[in-house]
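Colleague: I'd like to ask some things about the structure below.
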Amino acid sequence: MIITLVRHGEIDNDYLGCYNGHIDISLSLKGIEASQQLAEHFKDTNFDALYSSDLKRCKETLQPIILEPKTQNSKPKTPHIQFTALLREKSWGKHEGMTFDTITARDGLVYKDFEQWINALDGEPYDAYIARIRHFFLEFLPSQPYDSVLVMTHAGVIRVLYAIVLELNLEKAFSLPFPYAASTTLNTENWQFGELTCPN
């Protein structure tokens, strides 16, 4: 199976640089434009299935891809489409929508190292977050009868997947670039990632 991983487009400016988690944020104008560029980029690709986080920023990024008319070079078909909470970003609980500076000032939390910091924050336990990503990509998806799958999700989900597949520590995985509306592929036969692609 070839999994095409796509990060949603840029979000509303008020939420840039925040721990957004499960907040249902819309795309910015730049994000909407990037979603249209993604649709153009994938117009000749026929996916067997489309899986997406059920949060608005992913749905809005996916919508133009679903609606993009196929060219004469492709064979139109209707893919399986599923929106799921399994592909959501980590919940940050009471810290959702807050910046690092706001959290440290309000709650008095001190950053010592990456894992200490994320475990100090509220919301979904990080081991549970990693477990659901591992389950979705390493157990659920490979069991499905598809050859080509698009997954629309969040940067944190993709970076945790990097950590799992490439056996990286979380701090290293989260230092890897994965801009808004960027995409890459993952081949489940050899668990190799493809090159990172960004919209024009």
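None of the figures in this text is laboratory data; all of them are computed from the coordinates on show. Worth saying up front: this structure is predicted, and the values here are computed from it rather than measured. When we count neighbours, we look across all protein chains shown, and the Cβ atoms used for this are built from the backbone with ideal geometry, even at glycine.
Colleague: Assuming a strict under-27 Å limit between Cα atoms, what lysine pair count do you get for the chain once near-sequence pairs (fewer than 8 apart, same chain) are dropped?
Modeller: 24
Colleague: Can you list residues from other chains, or at least 5 along the same chain, whose modelled amide H is less than 5 Å from the amide H of ILE11?
Modeller: Hits under the 5 Å cutoff: SER28.
Colleague: So, one more: Could you pull out the longest piece of the chain with no exposed loop GluC sites (Glu not before Pro) in it, calling a site exposed if DSSP puts it outside H, G, I, E, B and it has at most 13 other Cβ atoms within 10 Å?
Modeller: It runs 1-166.
Colleague: Provide the three semi-axes, in whole Å and in decreasing order, of the ellipsoid equivalent to the range 107-148 as defined by the square roots of 5 times the Cα gyration tensor eigenvalues.
Modeller: The equivalent ellipsoid of the range 107-148 has semi-axes of 33, 9, 7 Å.
Colleague: In a GNM of the chain with a 10 Å cut-off on Cα contacts, which of PRO179, PRO125, PRO145 has the highest mean-square fluctuation?
Modeller: Taking springs between Cα atoms under 10 Å, the residue moving most is PRO145.
Colleague: State which stretch of the chain is the longest one without any exposed chymotrypsin sites (Phe, Trp or Tyr not before Pro), exposure meaning a DSSP loop state and at most 13 other Cβ atoms within 10 Å.
Modeller: 1-110
Colleague: Still on this model: State the antiparallel share, in %, of DSSP beta bridges confined to the chain, rounding to the nearest 5.
Modeller: 40 percent
Colleague: Return an integer: the convex hull volume of the alpha-carbon atoms of the range 78-165, in Å³ per residue.
Modeller: In the range 78-165, the Cα convex hull volume per residue is 106 Å³.
Colleague: Turning to a different aspect of this structure: If you filter the range 80-160 for trypsin sites (Lys or Arg not before Pro), then keep DSSP loop positions with at most 14 other Cβ within 10 Å, what is left?
Modeller: Filter output for the range 80-160: LYS112.
Colleague: Among ASN46, ILE2, PRO177, flag the residue with its Cα farthest along the positive direction of the charge dipole of the chain, charges on Cβ as +1 for Lys/Arg and -1 for Asp/Glu.
Modeller: ASN46
Colleague: Could you give the size of the charge dipole of the chain about its Cα centre, using +1 on the Cβ of each K and R and -1 on the Cβ of each D and E, expressed in debye and rounded to the nearest 20?
Modeller: 300 debye
Colleague: Fewest Cβ neighbours within 10 Å first, please rank CYS58, CYS198, CYS18 accordingly.
Modeller: Sorted ascending by nearby Cβ count, the order is CYS198, CYS18, CYS58.
Colleague: Let me ask you something else. Convex hull over the alpha-carbon atoms of the chain: what's its volume per residue in Å³?
Modeller: 114 Å³
Colleague: Something else now. Can you tell me the relative contact order of the range 2-193? Whole percent, Cα pairs under 8 Å, sequence separation 6 or more.
Modeller: RCO, the range 2-193: 35 percent.
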